[in-house]
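The values are calculated or read from the model by the stated rules, or taken from the named source; none is laboratory data. On a predicted model such as this, the values are computed, not experimentally measured, just so you know. No Cβ is skipped: glycine too gets one built from the backbone with ideal geometry, and neighbour counts run over all protein chains shown.
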Amino acid sequence: MPENKETITLELGVPELTVEPTTEIVEIPEQKDITAHYLENTKLTEAEQKMVDDFSEKIDLNDSGIVLQYGSAAQKKIADFSDNALEGVRTKDLGEVGNMITDLVAELKGFNIEPEEKKGFFSIFKKAGSGIAKLKTKYDKAEVNVDRITGVLEDHQNQLLTDIVMLDKMYENNLSYFKELTMYILAGKKKLEQERATTLIELEEKAKTSGLAEDAQAANDFANLCDRFEKKLHDLEMTRTISIQMAPQIRLIQNGDTLMAEKIQSTINNTIPLWKNQMVLALGLAHSKAAVEAQREVSDLTNELLKKNAEALKTGTVAIAEESERSIVDIETVRYTNEQLISTLDEVLRIADEGRAKRLAAENEMIMIENELKTKLLDIRK
């Protein structure tokens, strides 16, 4: 095994992760055809092509260690990268953010700004303040819940924005891994084609010429090495395909993060301030309405009192005037008294006449009784 082994490496920047919130939404570059974008990056620069050519010359297929480890560093980068991307997909709970926005909407809908109906006059002063106090209590309670939800949404938004920046770095790293794999594959295929066209043919010709078993075994061993190396290159090509697939996966995650971050941003910057402004207006309108209702009740009571006082004044004044114009004894009373007196005199005269007639009748009755008695007594003497 050669002492000096060279591998193709690219200096890749380490993704910068930050916990500091950002105020800007990271715009994702539009990718019309991500696969084509990646394939275009297989075009190597002159320096990269020279690197491939030089590295191809250093590949020793007789070294089984080189064949076994060929491109493994790039494969490990892709594997680690895939795990990170999949972990992001698995742990990203966008449904939680959606549920919190739904809860926020429900909280806003649950706030009723309609004041309660008030009955009676004096209740307007007592219940007006009570109704506004209840309205303020509802507002304070809703505001606390909204602020709590807003704080959680802001935390989610900051995390999403951080993830978007990180995913951009991951996308660029994946592109570098892809090119690195491509360079490994190109160098390996060039070396494999060269060895099969030269060394393998030479060994096969030597085995045919010598007829020795060891020469035939050497040719067969080298052919097996070429086949193993070809399979290794095939594995690298599969890894390269995975790298291509990772590009749209990253963009899908980024797009989902961006959509949710924009939705949260709209909710925080537009919906909630608008709602709070409307609540201020609602409270102001409630104050105005309570004042108008109170003033209306006062005016109605004032009018009612004025009407009742006017009626009472009229009734009292008329009564006083009528009483002042009356005699000490009403003529009707004098007439009634006179009629009663005349009636009494007539009744007395009638009673006197009846008594006189009864007495006269009684005298006549007594004379007749007396005569009858005398007659009876005379009859007895006979």
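Observations on the structure shown:
- Set Q217, Q159: member being over 22 Å from L252 (Cβ atoms), surrounded by fewer than 19 Cβ atoms within 10 Å (Cβ to Cβ) and among the polar types (S, T, N, Q): Q217
Here's the yes/no breakdown for (1) touching a helix residue (DSSP H, G or I) at 6+ places or on another chain (Cβ under 8 Å); (2) in a helix (DSSP H, G or I); (3) β-branched (V, I, T); (4) within 30 Å of D140 (Cα to Cα):
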{"residue": "L274", "(1), (2), (3), (4)": "no, yes, no, yes"}
{"residue": "D300", "(1), (2), (3), (4)": "no, yes, no, no"}
{"residue": "N303", "(1), (2), (3), (4)": "no, yes, no, no"}
{"residue": "L306", "(1), (2), (3), (4)": "no, yes, no, no"}
{"residue": "A312", "(1), (2), (3), (4)": "no, yes, no, no"}
{"residue": "V334", "(1), (2), (3), (4)": "no, yes, yes, no"}
{"residue": "G355", "(1), (2), (3), (4)": "no, yes, no, no"}
{"residue": "E365", "(1), (2), (3), (4)": "no, yes, no, no"}
{"residue": "L377", "(1), (2), (3), (4)": "no, yes, no, no"}
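- Residue count for the range 165-198, restricted to those that are within 25 Å of F229 (Cβ to Cβ) and either touching a Gly at 6+ places or on another chain (Cβ under 6 Å) or touching a residue at least 24 places away in the same chain (Cβ under 8 Å) (or both): 20.
- Residue match in the range 164-182 (condition: β-branched (V, I, T) and either under 26 Å from G256 (Cβ atoms) or at pLDDT below 75 (or both)): yes
- S72 vs. criteria out of contact with any strand residue (DSSP E or B) (no Cβ under 8 Å at 6 or more places or on another chain) and at pLDDT below 65: no
- From N145, N224, residue being surrounded by fewer than 19 Cβ atoms within 10 Å (Cβ to Cβ), modelled with pLDDT of 85 or more and assigned to a helix (DSSP H, G or I): N224
- Scanning the range 200-231 for residues that are touching a residue at least 40 places away in the same chain (Cβ under 8 Å) and out of contact with any helix residue (DSSP H, G or I) (no Cβ under 6 Å at 6 or more places or on another chain) gives a single hit, L225.
- No other residue among S324, S343 is hydroxyl-bearing (S, T, Y), assigned to a helix (DSSP H, G or I) and modelled with pLDDT under 80 apart from S324.
- If you go through the range 291-339 and keep only what is exposed (fewer than 10 other Cβ atoms within 10 Å of the Cβ) and not small (G, A, S), you end up with E322, E323, E325, R326, I328, V329, I331, E332.
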